[in-house]
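Contents: one structure, followed by commentary.
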Amino acid sequence: MSEFLQQLLNGLSLGAIYALIALGYTMVYGVLRFINFAHADLFMVGAFLGYFGGRLVPSGTLVGGLGVLALAMAGCAVLGIVIERLAYRPLRGAPTLNVLITAIGVSLLLEYSGQLVLGAAPRTFPDLFPAGRFNLGPVVVSTNQLVVIGVAVLLMVGLELIVHRTRIGTAMRAVALNPRAAQLVGINNDVVISFTFGLGSALAGAGGILYALNYPSIDPLMGVMPGLKAFVAAVLGGIGNIPGAALGGLLIGVVETYVGGSAWSTYKDAIAFAVLILVLLLRPAGLLGRVTVEKV
Amino acid sequence: MSPPLLHVSDLQVSYGAIRALSGVSFSIAAGEIVTLIGGNGAGKTTTLRALSGLVRASGTAEFDGQTLLGQPAHRIVARGLGHVPEGRMVFANLTVAENLAMGAYLDRDRDRVTRNREEVFALFPRLRERLRQTAGTLSGGEQQMLAIGRALMGNPRFLMLDEPSLGIAPRLITTIFEQIVAINRQRGITILLVEQNANLALEVSSRAYVLETGRVVMSGPSPELRADPRLKATYLGG
Ligand SMILES: Nc1ncnc2c1ncn2[C@@H]1O[C@H](COP(=O)(O)OP(=O)(O)OP(=O)(O)O)[C@@H](O)[C@H]1O
Ligand SMILES: [Mg+2]
């Protein structure tokens with residue numbers, strides 16, 4: 001029983017990170033109808049911003065840690081907006097395949113210029129937050145896990161408020177539903193798209209730091225696997241569906257952790273894809289996705 | 001005579017190799033209701049899209065003395081040109097209230113937004129009853145009311161309506177057309193009405209243009225066109 005709870009906690013804290021990344025995939029898909037494959041690399045950039053930002057603040061403090069987190073999120077938001085502006089906007093109106101291939105190009109560019117500038121060797125991520133563990137009943141909780149879950153929950157609640165309670169958030173949903181009608185009410189779709197990239201990239205940046213806190217070895221290719229799983233999580237939840245991405249992320253994290261602790265632990269990385277195949281067979285639109293007939 | 005509110009001259013639009021408009025010209029004076037009628041594929045929707053910046057067009061179009069063509073759609077809306085698109089295009093997963101709020105996207109004057117909302121409810125009381133309902137679950141007629149209400153929230157001086165009668169129960173069509181006339185009379189909004197239902201359109205408008213394969217083939221005061229034998233044969237059901 002305690003083993004079960006322990007794994008659940010570990011799974012949820014891993015899943016919360018997948019969820020943060022998955023939200024970016026799903027939001028960008030919502031407004032532009034394409035998968036931004038470079039999104040996973042913003043996760044990596046977030047971790048490196050945390051690595052270097054960590055040198056500027058006293059280590060192992062809550063304030064310092066949160067400061068670095070905010071810095072990394074801001075940095076990733078700017079980078080995400082710049083990438084959209086330079087790489088994707090010129091392709092507005094081009095076939096989706098062209099944009100997808102460009103996204104893969106941007107992803108490779110980030111990964112290999114990362115290797116060029118930072119080196120391919122892994123680096124040890126600093127202790128940004130106070131380290132410690134304590135027992136909660138039968139379960140051992142690390143402060144880093146608390147940070148992960150706390151920050152992820154706050155960010156997701158914040159996102160929910162932005163998307164549902166603010167003017168720009170409502171505009172984001174409007175653009176996702178019908179970009180032409182959005183223009184006809186005076187929405188500048190480019191501004192909304194930039195905002196969406198900024199928001200999604202900031203979440204990926206936060207995800208990068210949270211991930212590195214628990215798996216403190218970072219390198220320029222570190223985004224690939226978590227990014228892929230987060231993508232699976234987004235599809236699992238129903239691509240374009242924001243609560244779906246959060247749910248998908250948590251599910252993948254929990255399932256992966258249980259499998260990792262079982263006799264089949266060698267298949268832990270494959271399990272996300274097995275879950276995906278299963279869900280798509282049973283519910284092609286994803287868990288929360290609706291099969292919609294687009295009216296023209 | 002004062003210069004027209006909208007003056008369109010030699011408007012041309014192509015979708016790739018398909019030419020949809022080959023030189024459409026017309027003008028509309030402030031305060032008028034003008035209708036654009038024509039059969040399937042005549043280019044009515046394309047004309048409206050060109051004017052609101054959704055498709056690229058050549059030729060000239062002046063609104064209130066300043067050029068429209070080449071401007072992004074959101075700027076055109078800001079200049080007071082409203083467009084109720086074909087197929088209504090309400091934001092299906094947003095509530096009625098959110099749809100109306102999006103209509104007022106550019107309006108930072110909260111009092112005016114509240115006033116406009118009340119005016120929309122006065123025109124279409126059903127919308128007030130359904131504020132929390134998602135727009136996609138409204139009936140076709142209600143969606144049309146919402147689409148018109150949403151456009152009115154943007155303070156248009158000039159409103160283009162694309163087939164507001166399409167796919168709507170006859171009873172609701174009457175309501176909607178009465179309110180379109182009211183919008184023109186009471187709020188002084190100039191209207192360009194696109195319709196396939198030529199009888200109805202000629203009844204409420206003062207002048208009409210007939211479009212056929214991307215050209216204006218006939219124009220004149222609506223009462224005259226209603227009596228025109230050529231038009232009768234083609235569009236008015238004998
Ligand atoms: N997106 C598009 N791509 C290619 N051709 C198009 C497109 N939209 C319209 N057309 C073509 O342009 C022509 C004019 O179409 P338009 O939609 O303006 O006609 P319409 O008068 O509004 O017709 P309807 O009454 O059926 O709505 C048609 O031949 C149509 O097939
Ligand atoms: Mg049409």
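How far is helix A:189-214 tilted off the main Cα axis of chain A, in degrees rounded to 10, range 0 to 90? That works out to roughly 10 degrees.
With a 1.4 Å probe and every protein chain left in place, work out the accessible area per residue of the range B:6-235 in Å², rounded to a whole number. Write out the running numbers ahead of the final one.
Working: 9620 Å² over 230 residues.
I get 42 Å² per residue for this part.
Helix content alone sets the calculated 222 nm mean residue ellipticity of chain B: runs of n ≥ 4 DSSP H residues at -39500 (n - 2.57) each, divided across all residues, give -11000 deg cm²/dmol. Within the accessible area of the range B:11-152, the carbon and sulfur atoms contribute 45%, probe 1.4 Å, all protein chains present. Less than 5 angstrom separates the built amide H of B:M160 from those of B:G82, B:H83, B:V84, B:L192, all sequence-distant by 5 or more or on a different chain. Counted over the range B:6-235, the DSSP beta bridges are approximately 55% antiparallel. Axis of helix A:96-118 versus longest Cα principal axis of chain A: the two differ by about 40°, to the nearest ten degrees. Here the spin labels are modelled as points 7 Å beyond Cα on the Cα-Cβ line, and at B:S22 and A:R290 they lie 4.4 nm apart. Bridges between two residues of the protein assembly as shown, per DSSP, are antiparallel at a rate of about 60%. For chain A, the mean residue ellipticity at 222 nm estimated from helices alone is -23500 deg cm²/dmol, where every DSSP H run of n ≥ 4 contributes -39500 (n - 2.57) and the total is divided by all residues, rounded to the nearest 500.
Each residue of the range A:123-133 is assigned a 3J(HN,Hα), and the resulting list reads 10, 8, 6, x, 7, 6, 10, x, 8, x, 9 Hz, derived from the Karplus form 6.51 cos²θ - 1.76 cosθ + 1.60 (θ = phi - 60°), x at Gly and Pro.
Couplings for the range B:219-224, taken from phi via the Karplus curve 6.51 cos²θ - 1.76 cosθ + 1.60 with θ = phi - 60°, read 7, x, x, 4, x, 5 Hz in order; Gly and Pro are left as x.
Relative to its Kirkwood radius, the Cα radius of gyration of the protein assembly as shown gives an Rg/Rh of 1.08. A full extension of the chain between A:D190 and A:V140 corresponds to an added length of 13.3 nm, given 0.36 nm per residue minus the alpha carbon distance.
Accessible area, 1.4 Å probe, largest first: how do A:S113, A:S107 sort?
Values: A:S113 45, A:S107 15 Å².
Of A:S113, A:S107, the descending order of accessible area is A:S113, A:S107.
Spin-label pair B:T174-A:T124: with each label point 7 Å from Cα along the Cα-Cβ axis, the two points sit 8.4 nm from one another.
The slack between A:T266 and A:S2, meaning 0.36 nm per residue of separation minus the straight C-alpha distance, is 92.7 nm. Treating the angle as unsigned and between 0 and 90°, give the value, to the nearest 10°, between the Cα long axis of helix A:143-165 and the longest Cα principal axis of chain A. Its long axis makes an angle of about 20 degrees. The packing ranking of peptides B:169-182, A:61-74, highest mean first, is A:61-74, B:169-182, where packing means the average number of other beta carbon atoms within 10 angstrom of each residue. Computed over the range B:64-192, the P(r) curve from all C-alpha pair distances, binned at 10 Å from the origin, holds 13, 46, 34, 6, 0 percent per bin.
Of all aspartates and glutamates in the structure, those lying under 13 Å Cα to Cα from A:K268, and not within fewer than 8 positions of it along the same chain, are A:E256. Treating cross-link reach as a plain straight distance, find the aspartates and glutamates whose alpha-carbon is under 17 Å from the alpha-carbon of B:K232, omitting any fewer than eight places away in the same chain. Cross-link targets: B:E195, B:E203, B:E212, B:E224. Segment B:R187..B:S206, full-extension length gain: 5.1 nm, with 0.36 nm per residue of separation and the alpha-carbon distance subtracted. When the accessible areas of B alone and A alone are added and the area of the pair subtracted, with a 1.4 Å probe, the result is around 2100 Å², both sides summed. For chain A, the fraction of C-alpha pairs farther apart than 31 angstrom is 26 percent.
Could you please state how large a percent of the accessible area of the range A:22-223 is carbon and sulfur, counting protein chains only and using a 1.4 Å probe? Walk me through the numbers before you get to the answer.
Details: 5760 of 8320 Å².
Roughly 69 percent, rounded to a whole number.
Within 10 Å of each Cβ of B:65-75, how many other protein chain Cβ atoms are there on average? Please report the intermediate quantities before stating the final value.
Values: counts 0, 0, 0, 0, 0, 0, 0, 4, 9, 10, 3.
Counting other chains' Cβ atoms within 10 Å and averaging over B:65-75 gives 2.
The values are calculated or read from the model by the stated rules, or taken from the named source; none is laboratory data. Predicted model only: the values in this text are computed from it and were never measured. Using ideal geometry, Cβ is built from the backbone for each residue, glycine included, and neighbour counts are taken over all protein chains shown. Side chains included, ligands, DNA and RNA excluded: accessible areas come from the protein's heavy atoms. Shrake-Rupley method; radii C 1.70, N 1.55, O 1.52, S 1.80 Å.
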